[in-house]
Amino acid sequence: MILAEHITGLILAGGRAQRMGGIDKGLIPFHQKPLIESTITRLKSQVSTMLINANRNITKYATYGYPVIMDETPDFSGPLAGFSVGLKACKTPYLLTSPCDSPLLPLDLAARLATELERGDFQLVYASSKESDGKVWAQPVFCLMRADLKDSLGSFLQKGDLKIDRWFKELKSSTVVFDDTQAFANVNTPEELKSLEAASV
């Protein structure tokens, strides 16, 4: 059985946030505190330790007491670059990833992904969300993966491919559908930030 002590959490704060005017999303105030604090609070009980992937404001992120790791590839290469350095730094058998700008992420994210991973002996399991109209959307940056995937991801990135879904297709992967439409809501615009704050009072 996969327990919290077997999992390292990786918070992805390395993006460019172009739709928010290029400001560092993890540090945007959400209920008067940097957005990343909500993610840390919801994730820390689900994992044994955490890593923060960031490419700027390193000293600010370091104040949370977790190792801050930077992408090895230049130019904000997207979540797979964060996954790659996270896997290299991971000292547990599993890595759980989450972006820094989804402050309502499920408190049972690790448990439900772990159950599915064991059920089918998968290499990676990602979350999906069900909208109120019944549509299911993949949420690939929320995933639990085996730490031994670092070579697989390394060779995938060496081909110059950065598409997350293409890497997943090379693996034995599965998904878990969460019914809470707000669970994976993230902040891409100032308007989304306001509505998320209102939804989480």
Test for Ser38: is it in a helix (DSSP H, G or I) and either surrounded by 14 or more Cβ atoms within 10 Å (Cβ to Cβ) or without any contact (Cβ under 8 Å) to a residue 24 or more places away in the chain (or both): yes
Scan of region 80-105 for residues that are within 10 Å of the chain's Cα centre (by Cα), more than 15 Å from Gly26 (Cβ to Cβ) and in a helix (DSSP H, G or I), ordered by number: Phe83
Top-ranked residue in region 48-88 [being touching a residue at least 60 places away in the same chain (Cβ under 8 Å) and in contact with a strand residue (DSSP E or B) (Cβ under 7 Å, 6 or more places away or on another chain); ranked as surrounded by the fewest Cβ atoms within 10 Å (Cβ to Cβ)]: Pro79
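Considering every residue within region 141-150, establish whether at least one is of a type outside the set (A, V, I, L, M, F, W, C) and within 14 Å of Phe178 (Cβ to Cβ).
As a first pass, look at region 141-150 and keep what is of a type outside the set (A, V, I, L, M, F, W, C): 146, 148, 150.
From what is left, the residues that are within 14 Å of Phe178 (Cβ to Cβ) are none.
Checked region 141-150: no residue is of a type outside the set (A, V, I, L, M, F, W, C) and within 14 Å of Phe178 (Cβ to Cβ).
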Residue selected from region 1-40 under the condition at pLDDT 90 or above and acidic (Asp, Glu), by the criterion farthest from Tyr64 (Cα to Cα): Glu5
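The values are calculated or read from the model by the stated rules, or taken from the named source; none is laboratory data. Just so it is clear, the model here is predicted, and its values are computed rather than measured. Using ideal geometry, Cβ is built from the backbone for each residue, glycine included, and neighbour counts are taken over all protein chains shown.
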